[in-house]
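Report on one structure; see the data block that follows.
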Amino acid sequence: MASNDDTEQSGRPDDRLAELVAITGELVEQTRAHHVRAAAREKVIDNLHEEVQRLRVGEQALLLRPLVVDLQTLRNDLLRQARTVPEQLSARQAADLLESFALSVEQTLERCGCTPVRPEPGTPFSARDHRAVKVVAAASAEEDSTIAEVVADGYHDANLGRVTSPARVHVRKWPGAAAEDPPERAGNGATQQEKGEEGV
């Protein structure tokens, strides 16, 4: 009986070893299969990324196509005018020629949803829509903070619904406006002075 028990006990480690080998083999196969699936997923993701990039490039080209065509037309017009400019070109003719090219660019901008904004002299200055590049003296208090001259147009984006490039203007300033303090400000100054005297 003792010899049979010894035989059974001596066989148990071999069975356990075989079981461990089988489990290890299954884990190895599962790991290999997992790596194969992961590699396949990465390949699909790479293919999708490349497809998205191609679509983006195509969309950009499609969106920019009208602008490119307008620029090509403008370039051809400039070259044609350069070859046909008369020797005796008056200032008025040169100004009309440049304004015609500016109109062509304006039409291109409008097709992109951007329209020029040119404020009228005398209208109130707005820090949101205008950029003051120079301050000039006002003839009266009524002209204070009004536009004296427009140096460059601004531009309004129809898609955003706001001015994206402020108009550059000269602003009138009444000299007396800065010297006269509002009553509230004067009162606050007196209060601060009284507080200073009390502290002394």
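The values are calculated or read from the model by the stated rules, or taken from the named source; none is laboratory data. Here the structure is a predicted model, which is why all the values come from computation and not from measurement. Cβ placement follows ideal geometry from the backbone for every residue including glycine, while neighbour counts extend to all protein chains displayed.
Structure above, values below:
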quantity: Scope region 120-138; condition of a type in the set (A, V, I, L, M), farther than 16 Å from residue 174 by Cα and surrounded by 11 or more Cβ atoms within 10 Å (Cβ to Cβ); matching residues; calculated: 133
quantity: Failed condition for residue 105, given (1) under 30 Å from residue 84 (Cβ atoms); (2) among the aliphatic types (A, V, I, L, M); (3) modelled with pLDDT of 95 or more; calculated: (3)
quantity: Subset tally (residues that are assigned to a strand (DSSP E or B), more than 26 Å from the chain's Cα centre (by Cα) and either at positive phi or not hydrophobic (A, V, I, L, M, F, W, C) (or both)) for region 111-135; calculated: 2
quantity: Residues of region 106-119 that turn out to be exposed (fewer than 13 other Cβ atoms within 10 Å of the Cβ), more than 10 Å from residue 167 (Cβ to Cβ) and touching a strand residue (DSSP E or B) at 6+ places or on another chain (Cβ under 7 Å), as a count; calculated: 1
quantity: Selected residue (criterion: farthest from the chain's Cα centre (by Cα)) from residues of region 143-200 that are modelled with pLDDT of 50 or more and of a type in the set (Asp, Glu); calculated: 143
quantity: Enumeration of residues in region 132-161 that are under 22 Å from residue 110 (Cβ atoms) and either in contact (Cβ under 8 Å) with a residue 24 or more places away in the chain or of a type in the set (S, T, N, Q) (or both); calculated: 150, 153, 154, 155, 156, 157, 158, 159
